[in-house]
């Protein structure tokens, strides 16, 4: 179950990154303004946004490169359980970025979450294939990708629904 849900979570984060773009950019601007007493320059805002999005993929690359050593040292199942802690640490840092008023903490949290992504997306198929009956191994191995794709879909649907709802509320307020 943890193997499949990890992929769902990664897919959700992949499909939902643009939904909070405006909120994150406002956070970058607020943080910059508190430090420099001026709004963040457009080129810096673009750089920080691009970095905060792409750093997850860089972390995933690093994580994927570390799979063999982790799986050989701890075993596939235990490695997945250990790697799930990275998800919690990454999410906690992303949450704490607001409390600490530090966009650097957000970026580090995304990097750590990226490490989780690369590790778990490589470990899950190894584990699933190892515990699956031989005649069902191929079918079970696809669960990782199906879960990932489902997460992307959920993220996009959530974004679309929340955007549609906010437009509905806004139009309702305009009619008053």
When restricted to 146, 120, 108, the only residue crowded, with 16+ Cβ neighbours inside 10 Å and under 15 Å from residue 7 (Cα atoms) is 120
Quick check: is even one residue across the range 23-33 surrounded by fewer than 16 Cβ atoms within 10 Å (Cβ to Cβ) and in contact with a helix residue (DSSP H, G or I) (Cβ under 7 Å, 6 or more places away or on another chain)?
no
Of the listed residues (10, 17), the one being out of contact with any strand residue (DSSP E or B) (no Cβ under 7 Å at 6 or more places or on another chain), touching a residue at least 24 places away in the same chain (Cβ under 8 Å), under 20 Å from residue 147 (Cβ atoms) and not in a helix (DSSP H, G or I) is 17
Exception for residue 80 within (1) within 30 Å of residue 33 (Cβ to Cβ); (2) more than 14 Å from the chain's Cα centre (by Cα); (3) modelled with pLDDT under 95 falls at (1)
Selection over the range 29-73 where residues are in a helix (DSSP H, G or I) and within 20 Å of the chain's Cα centre (by Cα) yields a count of 21
Checked 58, 27 against criteria (out of contact with any strand residue (DSSP E or B) (no Cβ under 6 Å at 6 or more places or on another chain) and modelled with pLDDT under 95); the one match is 27
Condition check: assigned to a helix (DSSP H, G or I), more than 12 Å from the chain's Cα centre (by Cα), in contact (Cβ under 8 Å) with a residue 60 or more places away in the chain and surrounded by 16 or more Cβ atoms within 10 Å (Cβ to Cβ). Does residue 113 satisfy that? no
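The values are calculated or read from the model by the stated rules, or taken from the named source; none is laboratory data. Quantities reported herein were computed from a predicted structural model and do not represent experimental measurements. In this analysis, Cβ positions are derived from the backbone assuming ideal geometry, glycine residues included, and neighbour counts consider all displayed protein chains.
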